Amino acid sequence: MKVTMPEVGTDTGGARFGATLIGRAVGHDTRGSRVSRVLRARPWDHGRVEPSAYRIRRLAWSVVVGAGAWLAGPGTLAAHGIAPDVAPDVTNLLIGWELEPLVALGLLVAAIGWWLLVQSIDRRHPEHHVPRRQRWSFLAGLAVIAVALQSGLARYDTTLFSLHMVQHLLLTLIAPPLLAYGAPITQLLRAASPATRQRFLLPVLHSRPVAVIGHPVVAWLVFAAVMWGTHFSTVFNESLENPVLHDLEHLLFLASGLLFWWPLVAVDPAPRRMSYPARIAYVFLQLPQGSFLAMAILFAESPLYEHYATLGAPYGIDALADQRLAAGIMWFVGDVIFLLATLAVVAGWMRSESLSSAAVDRRTDLERAAIREREVAFRARRSAMGPDQPDPGAARSER
């Protein structure tokens, strides 16, 4: 007897499939469908009525699986079970979105909260609005997270390592700098009341734990450790089999990325502010570290993750070839991002030096103008006194 499982991501998949399993297992909607007959009969007795103990075990199994599918929402069964039937292409990667309720709700709340925060600052400080680049940069960061976790990338992330790598790069190298450039800490401090700043926000920012984890050396090492530790441990493969662990891994990538980019973007207050030369070294030294990681994956002689190896070649590309493609993506994109970040810091340094030079020139011009004014006043005073009268200022200086 062949059982056809509803395709996850359609209107008959995901949560509806879980609810159907639960309802039929507990006795509701017991119409003679294929699924109901499978749940009521063992495959080896060809339709004979199953014993009560076996029926109870089937009931428990159905409730557990159905509840998991129901709570996880659309996409979980496909993502961590059967590979999608349709090969990935540009169309289904762009429009094949499958919303996970918790992720979608979190991003929606963050976007609405950010917009309300910005509007509050603009009302309270009409002369100093939140710059447009910062307000839209934060929203762009949230959009990148949505693309990584809700678009067609999420549908294939446990089927193709190469697309999984794109997802991780979005969470570590694209979304975090966009979020950091929005200056969320600064905007929160501006919107908060003086009492809230003094009692809650500033004590947290000046606390010892924040000083430790926000130190540039710690942030750099944590980012590198997360990248190496996840790719060369059992965590990566286990996350491919466990939806909860997979979500935690994504959260870890995003958090380590935010920690790394926070002192580099340097628009928010931080425990230790780096000079421009230190920031250049900070980001540039991350480049060879990422390249070595990509090389270690690229030159592996066998698939590193059993999950991908057991899938075979679902779309005509075997696990090892897909792994090498993923390493190439990591290598190229990582190097480009870190080089662009280095150039951005250099450009910021040059702009800062130019502004400093302009400020020095303005101060020098003001000092010269003041000297010329004093000289003009001195000549006018001498002319008024006549040629035979001594200058009282000169006489006082002689005494």
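The values are calculated or read from the model by the stated rules, or taken from the named source; none is laboratory data. Note that this is a predicted model, so its numbers are computed, not measured. All Cβ positions, even for glycine, are placed from backbone atoms using ideal geometry, and neighbour counts span all protein chains on display.
Residue by residue through region 269-284, note down the ones that are of a type outside the set (Gly, Ala, Ser) and surrounded by fewer than 14 Cβ atoms within 10 Å (Cβ to Cβ).
272, 273, 277
Among the listed residues 205, 221, 254, which satisfies the condition of being modelled with pLDDT of 95 or more and more than 22 Å from residue 112 (Cβ to Cβ)?
221
Looking at region 83-99, which of its residues are surrounded by fewer than 16 Cβ atoms within 10 Å (Cβ to Cβ), of a type outside the set (A, V, I, L, M) and assigned to a loop (DSSP other than H, G, I, E, B)?
Of everything in region 83-99, those that are surrounded by fewer than 16 Cβ atoms within 10 Å (Cβ to Cβ), of a type outside the set (A, V, I, L, M) and assigned to a loop (DSSP other than H, G, I, E, B) turn out to be 85, 89.
Might you check whether a residue that is of a type in the set (Gly, Ala, Ser) and either surrounded by 20 or more Cβ atoms within 10 Å (Cβ to Cβ) or in contact (Cβ under 8 Å) with a residue 40 or more places away in the chain (or both) occurs anywhere in region 199-210?
Checking region 199-210: not a single residue is of a type in the set (Gly, Ala, Ser) and either surrounded by 20 or more Cβ atoms within 10 Å (Cβ to Cβ) or in contact (Cβ under 8 Å) with a residue 40 or more places away in the chain (or both).
Of all residues in region 279-318, which are closer than 20 Å to residue 332 by Cα and β-branched (Val, Ile, Thr)?
280, 283, 297, listed by residue number.
Out of 272, 279, which single residue is in the same structural domain as residue 208 (by TED's automatic domain parsing) and not in a helix (DSSP H, G or I)?
272
Of the conditions (1) more than 30 Å from residue 238 (Cα to Cα); (2) modelled with pLDDT of 95 or more, residue 362 satisfies every one except a single condition; which number is it?
The single condition residue 362 does not satisfy is (2).
From the list 327, 341, 309, which one is surrounded by 15 or more Cβ atoms within 10 Å (Cβ to Cβ), in a helix (DSSP H, G or I) and without any contact (Cβ under 8 Å) to a residue 24 or more places away in the chain?
Going through 327, 341, 309 in turn, the sole match is 309.
Taking region 137-151, which residues are touching a Phe, Trp or Tyr at 6+ places or on another chain (Cβ under 7 Å) and small (Gly, Ala, Ser)?
137, 151
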